Each structure stands twice: as C-alpha cells, then as structure tokens.
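Visitor: Pasting in a structure now, in structure tokens, and then I'll have a few things to ask.
What follows is calculated from the coordinates using simple rules that are stated; it is not laboratory data. All of these numbers come straight from a predicted model, not from anything done at the bench. Methodologically, a virtual Cβ is constructed for each residue, glycine included, from the backbone with ideal geometry; neighbour enumeration extends over all protein chains shown.
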Amino acid sequence: MGTPHLAFASPRVLPRPSSLRGRVVVLDVAFAATVGTSVSFEATTRPFLDGLGDRLAAWVDHHDHERHVDFAGDRRFVLATKAVHGACPEMITPELVRTVGPIDTICAHVDLDGLYAAAKWALGGVEPYPGADDDARAVDTRTGTPGPIATRIDHALRARFRDDQLKRAVVWWLVGGMKPGAHGDVIDEAAREFEVRAQGTAALAARFAIKGRVAWVDSAQSPLPFDKTDLLLAGQARAPVAMVKDSGQLTIAAAFGSGWDFVRLLDLGGGMPTRVTVPESRFVEALRRINEAPAPAPTGEPVERVD
C-alpha cells in the first residue's frame, strides 16, 4: 500500500465524498448530533455515507450516538462509546488494519485523538511510539497527564486548530519516526504560539460568573486569542459545569467520568456526553436544565473492555 491521502473532518463539517480518493477509512469522526435545524445525522452524516457508498472501507469511532445501533450488522463500522474507549487510537489494531485491507484515503478528526489514529492506521495498527494510545486517551478525556510528545502536539493543534498543514505535519512526523526536520519545525512553531493564547485564556478565566452548578463566561469580553479547552477546564475548577459563549455558540463541559450527559439532557442525539456545543440561543434553557437536573452519579474511568 502506498502513502494514503489525508483528509480532515469534524462531525458537522465533512468533506465532499467526491474529494476523497478510492477506498476511505474514517477515524474518530462522530456521527452528527442534532444542533438546531441544519445539523443532524440525516442532514449531515447520511449524505456523506451515501456519497461514499461502497468506497467506505471502515468507520472507527468512540463517541456516543443513538444511531450506532443502525450499523450493528455492518462490519465496516467499528463503533464504541466514550466510556468503553476513551480515545480512538486504542481501537485500531493490526488485525483491524489487515482485515480492512488496502485503502487510499484516511479521513480523520481534526484533534490529537484523530491524528494519532491516522498515524497508527498508516503504521499498520502499531503505535507511533510506546504509550501513544495512553497519551491520546489522556488528552481526549482530559484525565491523567500526557507525555511531552503529546503535550507539544496538543498545544500546537490548539494554537492552530484550522491549519491543515499542521495536521499533516503531525501525522507524517509521527509516521516518520519523529525525526528532526520540516514537520517537527512546523509543530514547534505552532506550540510556541500556544503560550501567547495562554495569556488570553487566563484573562477570560478571571471573568467566570457562577450560576448554581455552572461557571460561565462570554469570550466577547476579551479581544485576546484564547484556548477554549483550557478555559473550560478553568471553569470546571470553579463549578461542576463550565460554559463558554463564543461566536454564536455555547460550549458546555464537565469532567470526564463526572456522570453528566449533556447529549441526553439537551436532547442532542449524539456526541461526547461531557462536552457539547449548542447555539448560544439555548443559554438560558441550558442553565435551567443543568441546575434543575438530578445530581449525576460519577462514572469513573472507562470500563474494562472485552476485545
């Protein structure tokens, strides 16, 4: 198999199927949850699936969604929940890669979890370095402490989250053995930019307001760039649930294993139970539902899985 083509996606922003070459594997991309009236499984994920048709070789994902059951009989879909698999790379094994066979394109989620999954697939199901799966889980669940390689990449990606050149550099740097060179230089440059964003994050973190169980802040209060993940974590240090208003959207998060399931609470259909994004217009409703909900029972770490 030659070097696969790389493409990047998120649940709500999928590439045109015609832009993806040959047989395609989709990694760490959740089925779209219902957000407003324009984004849903039927409006977003289904057309992508139909467009790929028989060219879809595998879809591997670990995000909860009510439509997983629809694909239980299709061996191309390797689907789990966040509680069973905290990150996607650990689901990719040499046996799975061999079973799927030659592919032409890897379509991966845009975060570290997705890029590590892409690198592992390109390496035949083998970790790019010992402990890479654990690092991906630590970053994606925000529990535990990732190692220096993952921390560097995580910072770089959060500084330039829309930069596809950086995402390609991460994958090929991992696949190539993490040697010095152009790919590593791109990662280092972006990681340095993260330190600048940290200043904006700290400024906004000082502005959290507490409403019952929720710490919330409006990013319009600061002109500086900021890191949303770190801002949400700062909010969770002040209250069980954090909310960040940003560009017309409301991101809501609680600690992994806390027992909060915002997908169900806000009737979203799918996604990561402890972190969701909804239109800003649902702010008052979300506050009310969270503060009126029964106290959740902590779920702890991901359960032991049976492979």
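Visitor: Based on the alpha carbons, how large is the Rg to Rh ratio for the range 203-292 when Rh follows Kirkwood?
Guide: 0.93
Visitor: Between the DSSP loop rule and a limit of at most 12 other Cβ atoms within 10 Å, which trypsin sites (Lys or Arg not before Pro) in the range 67-111 are left?
Guide: Sparse-neighbourhood loop trypsin sites (Lys or Arg not before Pro): Arg75.
Visitor: Something else about it: Hey, if you put +1 on the Cβ of every Lys and Arg and -1 on every Asp and Glu Cβ in the range 213-307, which of Phe256, Gly271, Val284 ends up farthest toward the positive end of that dipole?
Guide: Of the candidates, Val284 comes out farthest on the positive side.
Visitor: On to the next question. Taking only Cα atoms, what is the 0 to 90° angle, nearest 10, from helix 148-159's long axis to the longest principal axis of the chain?
Guide: 70
Visitor: Tell me which of Val97, His68, Thr45 sits at the most positive position along the dipole axis of the range 30-129, charges placed on C-beta atoms (Lys, Arg +1; Asp, Glu -1).
Guide: Farthest towards the positive pole: Val97.
Visitor: Calculate for the chain the 222 nm mean residue ellipticity that helices alone would give, adding -39,500 (n - 2.57) per DSSP H run of length 4 or more and normalising by residue count, nearest 500 deg cm²/dmol.
Guide: Value at 222 nm, helices only: -10500 deg cm²/dmol.
Visitor: Right, something else. Ratio of the range 137-281's C-alpha Rg to 2.2 N^0.38 Å, to two decimals?
Guide: 1.12
Visitor: Give the Cα extents of the range 66-112 along the principal axes, in whole Å, largest first.
Guide: For the range 66-112, the Cα extents along the three principal axes come out at 30, 29, 19 Å.
Visitor: Which of the residue pairs Lys167/Lys245; Lys120/Lys245; Lys82/Lys211; Lys179/Lys245 have a Cα-Cα distance greater than 31 Å in the structure shown?
Guide: Lys120/Lys245; Lys179/Lys245
Visitor: Suppose we look only past 14 Å in the calculated P(r) of the range 134-203. What percent of the Cα-Cα pairs does that tail hold?
Guide: When every Cα pair of the range 134-203 is considered, 60 percent fall beyond 14 Å.
Visitor: Please give the direction-averaged projected area of the C-alpha convex hull for the chain, in square nanometres with one decimal.
Guide: The Cα convex hull of the chain, projected and averaged over all directions, gives 15.4 nm².
Visitor: Using the eigenvalues of the Cα gyration tensor, what equivalent ellipsoid semi-axes result for the range 42-185 when each is taken as the square root of five times the eigenvalue, whole Å, largest first?
Guide: Here the semi-axes work out to 26, 17, 15 Å.
Visitor: Can you sort Cys88, Cys107 from fewest to most other Cβ atoms within 10 Å of each residue's own Cβ?
Guide: The most exposed by this proxy come first: Cys107, Cys88.
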